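Report on the structure given below.
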4 protein chains.
Amino acid sequence: MDELTARVRAFAEERDWQRIHTPKNLAMALAGEVGELLAEFQWLTPEQAAAVMDDAEAGARVEAEIGDVMIYLTRLADVLGIDLSKAALTKLDEVATRYPVVEARGSAESAR
Amino acid sequence: MDELTARVRAFAEERDWQRIHTPKNLAMALAGEVGELLAEFQWLTPEQAAAVMDDAEAGARVEAEIGDVMIYLTRLADVLGIDLSKAALTKLDEVATRYPVVEARGSAESAR
Amino acid sequence: MDELTARVRAFAEERDWQRIHTPKNLAMALAGEVGELLAEFQWLTPEQAAAVMDDAEAGARVEAEIGDVMIYLTRLADVLGIDLSKAALTKLDEVATRYPVVEARGSAESAR
Amino acid sequence: MDELTARVRAFAEERDWQRIHTPKNLAMALAGEVGELLAEFQWLTPEQAAAVMDDAEAGARVEAEIGDVMIYLTRLADVLGIDLSKAALTKLDEVATRYPVVEARGSAESAR
């Protein structure tokens, strides 16, 4: 994670993109990349979507889109001074309290 | 990253959510969380957005939303068998080739 | 459509929201509302999603989210001086040329 | 609106796309198109975004993306049996009650 953050930061700074890499712009870019990721899945049946990585071409596209999403998420967190792993682990603990294991088992509703 | 992936996976399996954690559903959930993140920034000026972490309440909300996005991205990558860091680093190398440092400096257009 | 555009515009002007209703902010708000719409469908099976309007409570939520999306799309188009119906019809003609009926029948691929 | 709904429906039926035009898939496609719309604005300053329609090329791209968003929103509403204008007007009335004119004037916070 730290290496990725440093690499993405160096990438942006070498290109002098700090000025446009504002939190607002990066949040929009993140959403744009997630939109491209959705486009890979939108017309697939659940079965086709579950097997998408078995198709070399579609699998490579999905991996590239996931990479794009991760790049912008890493950059956004860095610009905001947020530790991405810590933010996720903290949130996971909170959600775990909201949805205790015993009540949540198998309930799609409780996944929300 | 490995620890986070393992924690998120255990969280889902303990709650028996594997059935609903399909790639298609997780991609939608990821997009939903990114939508909530956008909502934190949408009415802010660029200046307000840049200072959002100085406001304890708004900062905590942004950090929680970033955590949510990271949780679903981690889970989606795990379900697809994709190494999140590797996908990002591979994509970063590709983009670096497309936007060499010398041409890209300061050009907002080339950030796309 | 014209009535809706006028109603949404009056709504914003009465509240003095023109200043924050910039194209960039409205595009973000639109994406945020689409995220809430996705959240209504994300854990449903295709069958459950197809029957969502049969459930009074979920159906009302979906209708409200669709209303929100339409409000922001109408407002964004108005602020940009774009005729929403005309933009859709023009685009439909273009797509029709790209995907002629005879080749496209039944092909999910060609829906993209 | 009625004409647009009929045109979009005929377009889909002529291509035999009803099978893939499920609510879930259409919601994803809508989000994907909104992502492309965001991408048009993400690196622009507020001033550049406000003047985007003055640039013939960028303006045409924005109009095309808005058209795409409207097409999928129209199709999704049709498949769900929702009247798009009515859903927006109903929601507007609800929001008007939540944010009365006198309190909301000029408050960015109340736009949420």
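Some points to look at:
- So A:L44, is it out of contact with any Leu (no Cβ under 8 Å at 6 or more places or on another chain), assigned to a loop (DSSP other than H, G, I, E, B) and facing another protein chain (nearest Cβ under 7 Å): yes
- Verdict on C:A64 being out of contact with any Cys (no Cβ under 9 Å at 6 or more places or on another chain) and over 21 Å from D:R61 (Cβ atoms): yes
- D:E36 being charged (D, E, K, R), surrounded by 23 or more Cβ atoms within 10 Å (Cβ to Cβ) and within 16 Å of C:A29 (Cα to Cα): no
- Residue list for segment C:86-100, filter: closer than 18 Å to D:R9 by Cβ and polar (S, T, N, Q): C:T90
- All conditions but one from (1) part of a helix (DSSP H, G or I); (2) under 16 Å from A:E33 (Cβ atoms) apply to B:I82; the one that does not is (1).
- Qualifying residue in segment B:8-29 (condition: of a type outside the set (A, V, I, L, M, F, W, C), out of contact with any strand residue (DSSP E or B) (no Cβ under 8 Å at 6 or more places or on another chain), farther than 30 Å from A:Q48 by Cβ and modelled with pLDDT under 95): no
- Residue list for segment B:1-41, filter: more than 10 Å from chain C (Cβ to nearest Cβ) and not in a helix (DSSP H, G or I): B:M1, B:R15, B:D16, B:Q18
- Within segment A:72-79, not a single residue is open to solvent by 40 Å² or more (accessible area, probe 1.4 Å), in a helix (DSSP H, G or I) and more than 20 Å from B:V62 (Cα to Cα).
- Tally, over segment D:79-101, of residues that are under 16 Å from C:M53 (Cβ atoms) and out of contact with any Pro (no Cβ under 8 Å at 6 or more places or on another chain): 7
- The lone exception for C:L89 - which of (1) in a helix (DSSP H, G or I); (2) open to solvent by 50 Å² or more (accessible area, probe 1.4 Å); (3) facing another protein chain (nearest Cβ under 8 Å) it fails: (2)
- A single member of D:V62, D:V79 is more than 10 Å from chain A (Cβ to nearest Cβ) and within 15 Å of C:T22 (Cα to Cα), and it is D:V62.
- Against the numbered list (1) open to solvent by 70 Å² or more (accessible area, probe 1.4 Å); (2) more than 18 Å from the chain's Cα centre (by Cα); (3) more than 8 Å from every other protein chain (Cβ to nearest Cβ), C:E94 comes up short only at (3).
- For segment C:12-32, the count of residues that are closer than 30 Å to B:Q18 by Cα and among the small types (G, A, S) is at least one.
- Scanning segment A:13-26 for residues that are under 11 Å from A:L76 (Cβ atoms) and open to solvent by less than 30 Å² (accessible area, probe 1.4 Å) returns A:H21, A:P23, A:K24, A:N25, A:L26.
- Only one of the listed residues (D:A10, D:A49, D:A60, D:A6) is open to solvent by less than 20 Å² (accessible area, probe 1.4 Å) and more than 14 Å from the chain's Cα centre (by Cα). That residue is D:A49.
The values are calculated or read from the model by the stated rules, or taken from the named source; none is laboratory data. Keep in mind that this is a model prediction, so the values were computed, not measured. FYI the Cβ positions are ideal-geometry reconstructions off the backbone, even for glycines, and counts take in every protein chain you see. Accessible surface is based on the protein model in full, side chains and every heavy atom, while ligands, DNA and RNA are left aside. Shrake-Rupley method; radii C 1.70, N 1.55, O 1.52, S 1.80 Å.
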